[in-house]
1. Kindly indicate whether any position in segment 355-376 is of a type in the set (Ser, Thr, Tyr) and under 23 Å from the mean Cα position of the chain (by Cα).
2. Which of the residues that make up segment 123-146 are assigned to a loop (DSSP other than H, G, I, E, B), within 14 Å of the chain's Cα centre (by Cα) and closer than 23 Å to residue 350 by Cβ?
3. Yes or no: residue 167 part of a loop (DSSP other than H, G, I, E, B), assigned by TED's automatic domain parsing to the domain that holds residue 234, within 15 Å of the chain's Cα centre (by Cα) and of a type in the set (S, T, N, Q)?
4. Under 7 Å between Cβ atoms, which residue pairs at least 6 apart in sequence (or on different chains) link something in segment 149-175 that is over 17 Å from residue 124 (Cβ atoms) with a partner that is of a type in the set (Val, Ile, Thr)?
5. Read through the list (1) within 27 Å of residue 327 (Cα to Cα); (2) surrounded by fewer than 17 Cβ atoms within 10 Å (Cβ to Cβ); (3) not small (Gly, Ala, Ser), then give the number of the only condition that residue 151 fails.
6. Just to check your reading of the model, which residue among 113, 133 is among the charged types (D, E, K, R), under 28 Å from residue 206 (Cβ atoms) and either in contact (Cβ under 8 Å) with a residue 40 or more places away in the chain or assigned by TED's automatic domain parsing to the domain that holds residue 67 (or both)?
7. Can you name the helices (runs of 4 or more DSSP H) wholly within segment 233-325 that have at least 1 residues being in contact with a Ser or Thr (Cβ under 6 Å, 6 or more places away or on another chain) and in contact (Cβ under 8 Å) with a residue 60 or more places away in the chain?
8. State all residues of segment 161-206 that are aromatic (Phe, Trp, Tyr) and under 26 Å from residue 228 (Cα atoms); if no residue qualifies, say none.
Amino acid sequence: MTVESTAARKTTRRSSGAKRTTSAAGAKKAPAAQGAEPELVQLLTPEGERVQHPDYDIDLSAEELRGLYRDMVLTRRFDAEATSLQRQGELGLWASLLGQEAAQIGSGRALRDDDYVFPTYREHGVAWVRGVDPTNLLGMFRGVNHGGWDPNSNNFHLYTIVIGSQTLHATGYAMGIAKDGADSAVIAYFGDGASSQGDVNEAFTFSAVYNAPVVFFCQNNQWAISEPTEKQTRVPLYQRARGFGFPGVRVDGNDVLACLAVTRSALERARRGEGPTLVEAFTYRMGAHTTSDDPTKYRRDEEREAWEAKDPILRLKAYLEREGHADEAFFEALEAESEALGKRVREGVRTMPDPDDMAIFENVYADGHALVDEERAQFAAYQASFADGEVK
């Protein structure tokens, strides 16, 4: 399965590889205000042409650029394999990130090891760059665990299914590390739909008042399940931050370089004690909300096709080829690595052991509880009745 097979191949490339300065072609300016940001920060056009931005620029080596490309390709491969496994009955559900690779890899690579991540349930790319084994992400969706990794091992919290609640967790954690005197930062991921939740707005209030070192990273993929963004807000999402007293910025969420630069800047601002930032990554959910959703019922094929021309992986590949930063041997080796990852994920999921029937009673209370002990004994007796061949 090639990268190009999941996106349009009709990318029109410009003949010139020279850098130029722009604030994103055709982008509107934010309403006049002190220090207002351009509406869209972009460093790499959909055609794979490198551009400059006066406030957010970044200089990466060829090796670093290849690393970002590798991260996106392997994340997409893992995500495609997980979707196939769900269709084959191996997973109960899956939330695909197809189309959002640049937002996740770019922001994830901006983090330091001592920063802490609070994800939703779709941050597979961020999990990848934090070193979480991909197969561990699938245990919960297979129903064999409640999250298969230790959050403190990678500073990557367990997936959060409740919409928006992790922003409050992130804010509280950020307030705590500030009181401890640490210079690390926190990032909270959520979607455009979650931005309408009370929890998110409460997190904005607390983080602003307490000057918490937190970055709110909103992946605006245009659709909160079946509701378009315009049904939720009268202004661009990043402008909401102004009402809470901290800055917001909109970045091209399909541009991995811009996402890296903007997130890195926001994290550095948090570490300097300057408080929270809202980053709106303007991207698109290429697939369904989850595997139980049918997006053809509420959006047009033409819309998806328009976004396929902005594919985050193809635009970086075009840039790598134009600048001579990667050759055919690199792409072939990556394709082989991608297939090996898919095979490992398939085998890992199908060999996952079923959980211990009694594990549900563990870790309910730190020091045990009489009622839980009684319930454990009752359930053990019930299970034993099947072994005896009779149900009591």
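The values are calculated or read from the model by the stated rules, or taken from the named source; none is laboratory data. None of the values given here were measured: they were computed from a predicted structure. Glycine also receives a Cβ, built like all others from the backbone with ideal geometry; neighbour counts cover every protein chain displayed.
1. No, segment 355-376 has no match at all.
2. 132
3. So residue 167 does not fit the description; no.
4. So the pair list comes out as 164/200; 167/200; 170/186; 170/214; 171/214; 173/186; 174/186; 174/214.
5. So residue 151 meets the others, but not (1).
6. Every option except 113 fails the conditions.
7. Of the helices (runs of 4 or more DSSP H) lying wholly inside segment 233-325, those with at least 1 residues that are in contact with a Ser or Thr (Cβ under 6 Å, 6 or more places away or on another chain) and in contact (Cβ under 8 Å) with a residue 60 or more places away in the chain span 256-271, 312-323.
8. Once the filter is applied, which keeps residues that are aromatic (Phe, Trp, Tyr) and under 26 Å from residue 228 (Cα atoms), segment 161-206 yields 189, 190, 204.
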